[in-house]
Amino acid sequence: MPSATPVPRGPSMLPLGSAAELLTRSGCPACGYVTEAGDRYLAWFALEAHADPDTITRLCVSLGMCPRHTRGLMSQPGAAVRLTAVCRYLLQAARKRLAGPGRRRLAACPACERDQDAAGHVLDTLLAELPAAEIRERYLELGGLCWPHVRAAAGVRGRRRAVGWVAEAAVASTADRRAGLDVLAGGPDHDAELRARLRAALPPEGRFPPGTCRACLAAARAELVALARASDPGRGRGPGRAGDAPGGELCLCPAHLRDAALASAGAAAALLARQTRYQAASLARLAQPSAWRWGGGPAGWRPGRPAPAAGGDCPMCRVREQAVQQELHGYRAGPQAPPVHGGPPPLCVRHVLALRAADPAAGTAAAATAAEHAGALIDELAEAFRKGTWAFRHESRGTEMTAWRRAAAFLDGDVFGGCPPV
Ligand SMILES: [Zn+2]
Ligand SMILES: [Zn+2]
Ligand SMILES: [Zn+2]
Ligand SMILES: [Zn+2]
């Protein structure tokens, strides 16, 4: 693989000439555009890009896509054949990385980057035209941007007044009532139902089925407990509860807010009311352009006190991260059970790499075991690929046909939410 990261060809962004084209249906115009662009991207991957060398090279530097987008790829028709081929390349890249010095950070998920580009495109177009009265009127009529996208708008340079107006409109629209989930968390989030199903299937405490990453499983278990607490109305609002900001308000990222609301329909109303209070306070700061400060250089004008990014201070994301660190600490601190040769290692590739970055001695031993397992999976994938070809289609099929799912879980255990790959 070449060392530079080429920019893959991609489906063109949907043509967007003016803000009027965005403001044609109710709901957040950015969410609508980003969802459509994201669907096109994944469809392009399935139809064409999975066999494109530039795309594969780009995927190898991030060792695939993020869990959410990987689940999207896995749910597409024909995923087994396609991902059997793609995962071979990804595992070869993973094995090389595990065997090498591994100082380079993994690149971001290319589909997430694409979503961010699409959102930037919409916000640029919209904010540039908001000074026009008819555009502002139409914007208000349709409900405007969701709140995560209002916060993202603060990152668009040179549109201080337009961002202030958008934030003011957002706060005013919910001055005397709570905002809905789509306003607070954006959306739609087609992955939320699958996350809930995976969470319900988590193995019980003390059990570690083969193929699960212990760090991913620890994160998922800690998250499950935190979600139950956040959506339990009987627990009050005492300090220190997962999901509480210092002032007692919730500050969950969009995905966790949706997860918490889905986890308990009975508690959703109270949860959303508290989230509205917290987010409205953060948007109110954006709505005061006079309080913005010139940051100079690429920073440009910034809110006087930065508005928290969506999820930047999410306590449930923190709970997950703490659980991972605690689990990895166990590998750093004490003697470990001897590696099981032939079976899947206890950490996914991402967490082996994280362990090695934190503790080279412990991480190097784990990386050697993981590289060995990557080699075994590559052989299985090669066999599954061979049996998938026309000439060998009549051969009986065995466990190698599910190697692509085990490979996805081995690259990132969070693809299956900490559950074993099935
Ligand atoms: Zn939105
Ligand atoms: Zn992604
Ligand atoms: Zn993991
Ligand atoms: Zn979160």
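Looking at the stretch 136-157, is at least one residue among the small types (Gly, Ala, Ser), within 16 Å of ligand 3 (Cβ to nearest atom) and at pLDDT 90 or above?
no
May I ask you to say which residue of 24, 84 is open to solvent by 30 Å² or more (accessible area, probe 1.4 Å), of a type in the set (Ser, Thr, Tyr) and over 20 Å from the mean Cα position of the chain (by Cα)?
Within the list 24, 84, the selection yields 24.
Hey, does the stretch 24-36 have a residue that's farther than 19 Å from residue 190 by Cβ, modelled with pLDDT under 85 and touching a helix residue (DSSP H, G or I) at 6+ places or on another chain (Cβ under 6 Å)?
No.
How many of the residues making up the stretch 372-422 are open to solvent by less than 30 Å² (accessible area, probe 1.4 Å) and not acidic (Asp, Glu)?
Looking only at that region, the number is 21.
Run down 227, 252 and say which single residue is buried (at least 18 other Cβ atoms within 10 Å of the Cβ), at pLDDT below 95 and part of a loop (DSSP other than H, G, I, E, B).
Only one candidate qualifies: 252.
Quick test for you: out of 196, 185, 167, pick the one residue that is closer than 30 Å to residue 218 by Cβ, away from ligand 3 (no atom under 16 Å from the Cβ) and buried (at least 18 other Cβ atoms within 10 Å of the Cβ).
185
Look at the stretch 347-366 and say how many of its residues are within 23 Å of the chain's Cα centre (by Cα) and either within 16 Å of ligand 2 (Cβ to nearest atom) or in a loop (DSSP other than H, G, I, E, B) (or both).
Going through the stretch 347-366 one residue at a time, the tally reaches 3.
Can you name the number of the only condition in (1) modelled with pLDDT of 60 or more; (2) hydrophobic (A, V, I, L, M, F, W, C); (3) part of a loop (DSSP other than H, G, I, E, B) that residue 340 fails?
Looking at each condition in turn, residue 340 falls short on (1).
Condition first: within 25 Å of residue 212 (Cβ to Cβ) and in a helix (DSSP H, G or I). Now tell me which residues in the stretch 387-407 satisfy that.
399, 400, 401, 402, 403, 404, 405, 406, 407
Looking only at the stretch 199-224, filter to residues that are in contact (Cβ under 8 Å) with a residue 40 or more places away in the chain and open to solvent by 30 Å² or more (accessible area, probe 1.4 Å); which one of those is nearest to ligand 3 (Cβ to nearest atom)?
Ranking the qualifying residues of the stretch 199-224, first place goes to 214.
Take the residues in the stretch 105-164 that are out of contact with any helix residue (DSSP H, G or I) (no Cβ under 9 Å at 6 or more places or on another chain) and more than 30 Å from residue 60 (Cβ to Cβ), then tell me which one is nearest to ligand 2 (Cβ to nearest atom).
Once the filter is applied, the top-ranked residue is 124.
When you look at residue 89, is it open to solvent by 70 Å² or more (accessible area, probe 1.4 Å) and at pLDDT 90 or above, yes or no?
Answer is yes for this residue.
Please indicate, with yes or no, whether at least one residue in the stretch 41-48 is open to solvent by 30 Å² or more (accessible area, probe 1.4 Å), away from ligand 4 (no atom under 16 Å from the Cβ), closer than 24 Å to residue 187 by Cβ and of a type in the set (D, E, K, R).
No; the residues of the stretch 41-48 include none that is open to solvent by 30 Å² or more (accessible area, probe 1.4 Å), away from ligand 4 (no atom under 16 Å from the Cβ), closer than 24 Å to residue 187 by Cβ and of a type in the set (D, E, K, R).
The values are calculated or read from the model by the stated rules, or taken from the named source; none is laboratory data. Just so it is clear, the structure is predicted and the values come from calculations on it, not from any experiment. For neighbour counting, all protein chains shown are included, and Cβ atoms are generated from backbone atoms with ideal geometry for every residue, glycine included. In case anyone asks, the SASA skips ligands and DNA or RNA and just uses the protein heavy atoms, side chains included. Shrake-Rupley method; radii C 1.70, N 1.55, O 1.52, S 1.80 Å.
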